[in-house]
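The values are calculated or read from the model by the stated rules, or taken from the named source; none is laboratory data. Being a predicted model, the structure only gives us computed values, none of them experimental. Note that we place each Cβ from the backbone using ideal geometry, even for glycine, and neighbour counts take in every protein chain shown.
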Amino acid sequence: MLSIPGIPQLKKSESHFFSKHAALLDIALRVSDVLVITITALVVYRFEFGHLQMGVAYPAGLIRTILLALVIFPMAGIYRSWRGENLRLEIARLWMAWSAVMVVLLATAWALKTTGEYSRIGAGTWFVLAGIVLSLDRLLLRWALGHIRMRGVDSRRVLLIGSTQAGQRIVAAARKKAWAGLDIIGYVRTPYDQVELQGVNCLGDFDDVGGSFDEWAPDQVWVALPMRAESLIQQVLQLTIDKPSIIRLVPDFFGYELINHHAAVLGGVPVITLRASRVEGHAGVIKAIEDRFIALLLILLLSPAMLLIALGVKLSSKGPVLFKQKRHGLGGKEFEVMKFRSMRVHEETQGTVTQARRKDARVTRFGRFLRSSSLDELPQLLNVLQGDMSIVGPRPHAVEHNRQFSDKLRGYMQRHGVKPGMTGLAQIRGFRGETDTLEKMVSRVECDISYIREWSLWLDLKIIVSTPFALIKSRNAY
């Protein structure tokens, strides 16, 4: 048997050591959470008042908090297995659950008109301190379990079916995150194999699964096959129907461009979403609030500068102050983007849009300053207020450019899975300005797709803060 290098191998009976005591571990963690909440409350009270002689209000509030935590924490899924779980997501889920406890507690105190009986500073300090200690508690436990699993204890013997790209990713992940305790005991060949799995034993062909399964004794079977292998997947389920192993399906989707793929149950029917935007539902509401708030704030702060720019545009050349052009927005819907006019009024051949180039004669002297500093784009704050754009998102390209590049770049129109933005990931990474080659557009689109796939409020704030520095460094806008 060949598995992850450097990890001692165990017999099947030993690999279940922690799974037999999972209930005890779960109980210990719940008790630990109760102790953390209680002890941090006592510590904060002692430092604030200098004693521990409490009246009725504080013990009653502490009991309510503990009961709420025992209900809300399990609902938030913070006691489920951490094997392979992303650490940041685990900590974020904990803080969301702890915040929910405090919100319900405050709402209850407000309803009972008892908020005046508690110290606001003490409550805030307790919330932060308990959250930090709860996080550290999990980090310590995760570290301890990781070291135990890296030594082969509590490992899961995994049989891989299919030498595909998905299977290759599984093997790479198991080696990179050895603390997860995934022991790849080997794989079986299938007609859908695509790659060679280095360092993993080939246990035989798919036809050997039925006769050798008990000998291999896997805890889990991971089926890494493409979607078209439905009949083979059905055979796996039939061959293992009387086996105690866990069967997991890891569809080989890696030949496809997936965005925000996830599994869900709709009306009792299991559904795998292959492509979707992260900026939907609650996230869409949060981003809409973020957009309107920041846009309104910037308009109020920059209105004097915008009036001066409008005057400068009017004095620099004949024509309107604002330049309007059709762009594609969310879902490919057309809208008119607004900018301060930076060029002399001129005619374009129908169906074409000529991008500004270095030393472009059409650009006015004042317009060149506006374009290099991106001040010409300030009127797009009005587009944001109207709901056509976001503060952060893929930059809106001219309709003619979309038609041109959508035929040349696969997945190009996926940029329109979110609203276009005044700034974006491509801009802070230096892909701003003229896209005179296909390679430049490829780099920009890759950043746009990455933004849609990885969107978060924190990413938006990071891009907003980084934009002024990117503008200072940029030399690509003419």
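Values as computed for the structure displayed
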quantity	calculated
Unique residue being at positive phi and part of a helix (DSSP H, G or I) when the list is GLY284, GLY331	GLY331
Only listed residue being of a type in the set (Lys, Arg) and surrounded by fewer than 14 Cβ atoms within 10 Å (Cβ to Cβ), chosen from ARG142, ARG46, ARG138, ARG93	ARG46
Candidates THR437, THR423 - the one that is under 21 Å from VAL285 (Cα atoms) and among the hydroxyl-bearing types (Ser, Thr, Tyr)	THR423
Filtered residues of segment 383-399 (kept if assigned to a helix (DSSP H, G or I), surrounded by fewer than 20 Cβ atoms within 10 Å (Cβ to Cβ) and in contact with an Asp or Glu (Cβ under 9 Å, 6 or more places away or on another chain))	LEU385, VAL399
Flag if GLU439 is of a type outside the set (A, V, I, L, M) and surrounded by fewer than 14 Cβ atoms within 10 Å (Cβ to Cβ)	yes
Residue check for LEU24: at pLDDT below 90, assigned to a helix (DSSP H, G or I) and among the aliphatic types (A, V, I, L, M)	yes
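Listed here are the residues, each with its yes/no results for (1) touching an Asp or Glu at 6+ places or on another chain (Cβ under 7 Å); (2) over 30 Å from ARG142 (Cβ atoms); (3) among the basic types (Lys, Arg).
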| residue | (1), (2), (3) |
| --- | --- |
| ILE161 | no, no, no |
| THR164 | yes, yes, no |
| ARG189 | yes, yes, yes |
| GLU196 | no, yes, no |
| PRO218 | no, no, no |
| PRO226 | yes, yes, no |
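This table checks each residue for (1) among the aromatic types (Phe, Trp, Tyr); (2) free of Cβ contacts under 8 Å to residues at least 60 places away in the same chain; (3) assigned by TED's automatic domain parsing to the domain that holds LEU375; (4) over 27 Å from LEU382 (Cβ atoms).
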| position | (1), (2), (3), (4) |
| --- | --- |
| ASN402 | no, no, yes, no |
| GLU446 | no, yes, yes, yes |
| TYR451 | yes, yes, yes, no |
| TRP455 | yes, no, yes, no |
